[in-house]
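**Q** Structure incoming, see below.
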Amino acid sequence: MTSTLQAPATARQLTVTGSALLAAPLLLAGYGAVRLLDGHHGPGPGWTTGHVLLFLGVLGFVPILLHLRGLAADLGRVRRLTANTAAGAALLGVCSVLGQTGVDLYVGAVSADRAAMNLRYDRFQGHPGVTPLLYTVVPLFFYLGLTTLTAVLALGRPRLIGLRIPALVLLGTVVMAASLDLMPLGGLVFAAAFGPLGLAMLTEARPALTGATPARMHSMN
């Protein structure tokens, strides 16, 4: 079954969102791959590179979430409210993961070895509220919100995205939750979910960027 693809209004928005849909999941997969290669999980180039990839990958979901939330603008009240709530929760989760990643980058930069990192983590996480805010509770909002948001858009009438997208988002979330060692696989599953939409948006943006008249796509599997 096809579904309406409500694209952003400008070629620039199409390009930014389409690029994010392609790049963000691959950056998450890249973080997971670097993490596996960096076996000691201590300070050094591997730690820094991996966490920079993670930071950029999670940041890339901001335009994705805003675009998906925008698709719900013309839906019924209940679906629109659910989509807005899910998007808000996911964005809160994004902020939490970015904060956690920023802490990881700082700790890795100022520590001589893993033992020194652990000491700094213990001191930092000893402050009230830090653990649920950055590590155990709020980061989960990103995955739960993203899964809920895509499900809202895929279920009901009109169907704005294909059912495969929330299914793959849920699968990728389960894979990454099972083990950090599965982050590369989870990132690739997210890429399978969002990559076709990103390619469609970039294809639609290209004629506008080159001055040609775009042939707007109205449906997507």
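**Q** Please specify each residue of the range 105-117 satisfying the condition of being of a type in the set (A, V, I, L, M, F, W, C) and in a helix (DSSP H, G or I).
**A** Of the residues in the range 105-117, the ones of a type in the set (A, V, I, L, M, F, W, C) are 105, 107, 109-110, 112, 115-117.
Selection gives 105, 107, 109, 110, 115, 116, 117.
**Q** Restricting the search to the range 172-194, which residues are under 14 Å from the mean Cα position of the chain (by Cα), farther than 16 Å from residue 145 by Cβ and buried (at least 17 other Cβ atoms within 10 Å of the Cβ)?
**A** 183, 184, 186, 187, 188, 189, 191
**Q** Another question, then. Would you please list the contacts, defined by Cβ atoms under 8 Å and residues six or more apart or on different chains, that run from a residue in the range 152-168 that is touching a residue at least 12 places away in the same chain (Cβ under 8 Å) and surrounded by fewer than 16 Cβ atoms within 10 Å (Cβ to Cβ) to a residue that is of a type outside the set (A, V, I, L, M, F, W, C) and not in a loop (DSSP other than H, G, I, E, B)?
**A** That search, which allows pairs on different chains as well, returns 156/79; 158/3; 158/4; 159/3; 159/4.
**Q** Right, something else. Of the residues 46, 102, 42, which is open to solvent by less than 20 Å² (accessible area, probe 1.4 Å) and either over 25 Å from residue 149 (Cα atoms) or assigned to a helix (DSSP H, G or I) (or both)?
**A** Working: 46 fails: open to solvent by less than 20 Å² (accessible area, probe 1.4 Å); 102 fails: open to solvent by less than 20 Å² (accessible area, probe 1.4 Å).
Criteria check complete, one pass: 42.
**Q** Given 188, 146, which one is over 17 Å from residue 33 (Cβ atoms), part of a helix (DSSP H, G or I) and not aromatic (Phe, Trp, Tyr)?
**A** Being over 17 Å from residue 33 (Cβ atoms), part of a helix (DSSP H, G or I) and not aromatic (Phe, Trp, Tyr) holds for just one of 188, 146, which is 146.
**Q** Give me the pairs, please: first residue somewhere in the range 127-138 and on the phi > 0 side of the Ramachandran plot, second residue anywhere and assigned to a loop (DSSP other than H, G, I, E, B) and open to solvent by 50 Å² or more (accessible area, probe 1.4 Å), beta-carbon distance under 6 Å, and either six or more positions apart or on two chains.
**A** none
The values are calculated or read from the model by the stated rules, or taken from the named source; none is laboratory data. Note that the coordinates shown come from a computational prediction; the quantities given were computed from them, not determined experimentally. Using ideal geometry, Cβ is built from the backbone for each residue, glycine included, and neighbour counts are taken over all protein chains shown. Remember, those area values only see protein heavy atoms, side chains included, never the ligands or the DNA or RNA. Shrake-Rupley method; radii C 1.70, N 1.55, O 1.52, S 1.80 Å.
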